[in-house]
Amino acid sequence: MIQLSEEAENDLDGMDNDVYIRFRKHIDKIAAMPPRRHLQHGVPFFKENVGQGRIAYLVREDTIYIMRCFEHHKEYEKWLGQFK
């Protein structure tokens, strides 16, 4: 099961239609396949690369929580910096 945070919904709402479709495909991919890339350094998130963008998500039991969707890598790096 996939749940989007309010921030992730806002991120997706602000995207162009083509970019939005690309992110939705990756969200479906995350739902179908087990998580792969865990962020290290004590950060509890996993990430999925979407071109230059990133999706940050948590996995709890049988639910995947999409926390944020970043259209550009720099936005993702800035957000990740708050955890280091």
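The values are calculated or read from the model by the stated rules, or taken from the named source; none is laboratory data. As the structure is a computational prediction, the values presented were derived from the model and not from experiment. Using ideal geometry, Cβ is built from the backbone for each residue, glycine included, and neighbour counts are taken over all protein chains shown. The protein model used for the area step is the full one, side chains on, heavy atoms only, and it has no ligands, DNA or RNA in it. Shrake-Rupley method; radii C 1.70, N 1.55, O 1.52, S 1.80 Å.
This model, with +1 at the C-beta of Lys and Arg and -1 at the C-beta of Asp and Glu, gives region 2-81 a dipole about its Cα centre of some 440 debye.
Using the rule -39500 (n - 2.57) for each DSSP H run of four or more residues, divided by the residues of the chain, the 222 nm mean residue ellipticity is -12000 deg cm²/dmol. For the chain, the fraction of 1.4 Å probe accessible surface lying on carbon and sulfur atoms is 47 percent.
Semi-axis lengths, largest first, of the ellipsoid equivalent to the chain are 18, 16, 11 Å, with √(5λ) applied to each eigenvalue of the Cα gyration tensor. I'd like the antiparallel share, as a percent to the nearest 5, of DSSP beta bridges with both residues in the chain. Within the chain, antiparallel bridges account for around 80 percent of the total. Per residue, region 2-81 exposes 62 Å² of accessible surface when a 1.4 Å probe is rolled over the protein heavy atoms with every protein chain present.
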